[in-house]
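Worksheet: one structure, shown below.
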Amino acid sequence: MAVAALRVARSWNQTGQKFAGEPDIVKTFLIPEPSRLWVLLSLTYVLVSFRILPTLQGLPYVVSTGLTSLLISTALSFKLAFTVEDAPELVVGLARTLHGMSQGQSLLFRARLVFSLIGLSGGFAVYRCLTGSSPRTVLTSCKSHPAPLGYSPGQ
Amino acid sequence: MTQSRATNIPLFLLLITIHHSLHRLNLSTAHITTSSILLQYASFFAFGGSNAISSVDLSSAYNGISSFNVVAVGVLTLISNWAGPIYWTSATNLLLLQRRTDDAATLGAGTGVFKTHVAILTAFAASSVAFVMAACTALRAHLFIWTVFSPKYLYSMAWSLGQHLLINIGLGSLLFWLGAR
């Protein structure tokens, strides 16, 4: 399955001067039907949110769920606003309605909000790694902390 | 994912799938490092990077910055273009930590997993940069060489100084140290 995923990843974007303009997945699959893009994108963000949630174990459940959903929703609204500026043809239908609902904050503000939330969650995870309540929870939270936390939402 | 273009984000789904499969395979340290190198390059090109300087994507370089700031713009450009390799740095770290606990359980001692990893990475980076430098030096008087080799040289600098030193070694050792505590 990994090899199949790798093969799909290889044909995602077509690069290189010899093959420029050749069909790739983005051009032929996503751009004609932008709703597919937003479905996949939301799926990715939801998956990342499930991977972030275990790393915030020290907080009460309500706080950690709230923080995670806040992080994901701000990241999604930033992505929507950014794509409206960058490639407006991709934001149609439901995505444009959602964008209209989020009150027109500037891109600058949204970006800084996302970055500071990521930093906050990352800082909390690092703090838990360094102090640690019980060894077992520290172990699991430290191990799952690096990949999901700053680096997937941040990149 | 904040730094990547919207059309590139579903690629992270695929990368997570690959990482999950690698996790289940229980590889040795050398295998982990080799897979990491290969997948870093593969994901760099899958995200739309190429060996041409024109494919450096500046659309995310100014996220959250109101005026030009060399360091911040540089960092954001690096993160947005090297998003795939950075993901693999932290994913490799998880694989290495699992390897370390497995080794500690069976062999009963710290076996320097991260040092082996860094050694193989450095060998690869050093040899590729050495070959590029040798080619540039040997062909420096050729007529057309610099149209091809200056982007290659710049990318080698970015890969070796940026990705290798800063991210693979710097960030990787930080994550490994945090995870190993």
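Accessible-area loss of 50 Å² or more (1.4 Å probe, protein heavy atoms, chain alone versus all protein chains) is found in the stretch B:1-44 for B:Met1, B:Thr2, B:Ala6, B:Thr7, B:Ile9, B:Pro10, B:Leu13, B:Leu14, B:Ile16, B:Ile18. Evaluating 6.51 cos²θ - 1.76 cosθ + 1.60 at θ = phi - 60° for every residue in the stretch A:74-84, the Karplus couplings come out as 5, 4, 5, 5, 5, 4, 4, 4, 5, 5, 4 Hz, glycine and proline recorded as x.
Rounded to the nearest 0.05, the FRET efficiency derived from the C-beta distance between A:Arg96 and B:Leu58 at R0 = 25 Å is 0.50. Here the peptides B:95-101, B:168-174 are ranked by packing, the mean other Cβ count within 10 Å, and the order with the highest first is B:95-101, B:168-174.
Pairing chains B and A buries close to 4200 square angstrom of accessible surface in total, based on protein heavy atoms and a 1.4 angstrom probe. Mean partner shielding of peptide A:49-58, defined as the number of other chain Cβ atoms within 10 Å of each residue Cβ, is 0. Size of chain B from its Cα atoms: along the principal axes, largest to smallest, the extents are 58, 43, 28 Å. Solvent exposure of the stretch B:68-118, expressed per residue, is 41 Å² of accessible area, with all protein chains present and a 1.4 angstrom probe. Taking R0 as 51 Å, what's the FRET efficiency between B:Ala123 and B:Thr147 from their Cβ-Cβ distance, rounded to 0.05? Computed FRET efficiency for B:Ala123 and B:Thr147 comes out at 0.95.
For the pair A:Ser73 and A:Val46, label points projected 7 Å from Cα toward Cβ lie 1.6 nm apart.
What ranking do B:21-34, B:59-72 get when scored by the average of other Cβ atoms within 10 Å per residue, highest first?
Ranking the peptides B:21-34, B:59-72 by packing returns B:21-34, B:59-72.
When the residues A:Ser116, B:Ser50 are ordered by accessible surface, computed with a 1.4 Å probe over the protein chains alone, the sequence from largest down reads A:Ser116, B:Ser50. Shielding value for B:45-52 is 5, the average number of Cβ atoms from other chains within 10 Å of each residue's Cβ.
Packing, as the average of other Cβ atoms within 10 Å across residues, places the peptides A:51-59, B:143-151 in the order A:51-59, B:143-151, highest first.
On the stretch B:1-65, 63 percent of the accessible area sits on carbon and sulfur atoms, based on a 1.4 Å probe.
Extent along the principal axes, Cα only, for the stretch B:77-161: 59, 28, 12 Å, with the longest axis given first. Annotation: average projected area of the stretch B:49-120 is 6.9 square nanometres, based on the convex hull of Cα atoms across all directions.
The values are calculated or read from the model by the stated rules, or taken from the named source; none is laboratory data. On a predicted model such as this, the values are computed, not experimentally measured, just so you know. Cβ coordinates were reconstructed from backbone atoms using ideal geometry, including for glycine residues, and neighbour counts include every protein chain displayed. Accessible surface is based on the protein model in full, side chains and every heavy atom, while ligands, DNA and RNA are left aside. Shrake-Rupley method; radii C 1.70, N 1.55, O 1.52, S 1.80 Å.
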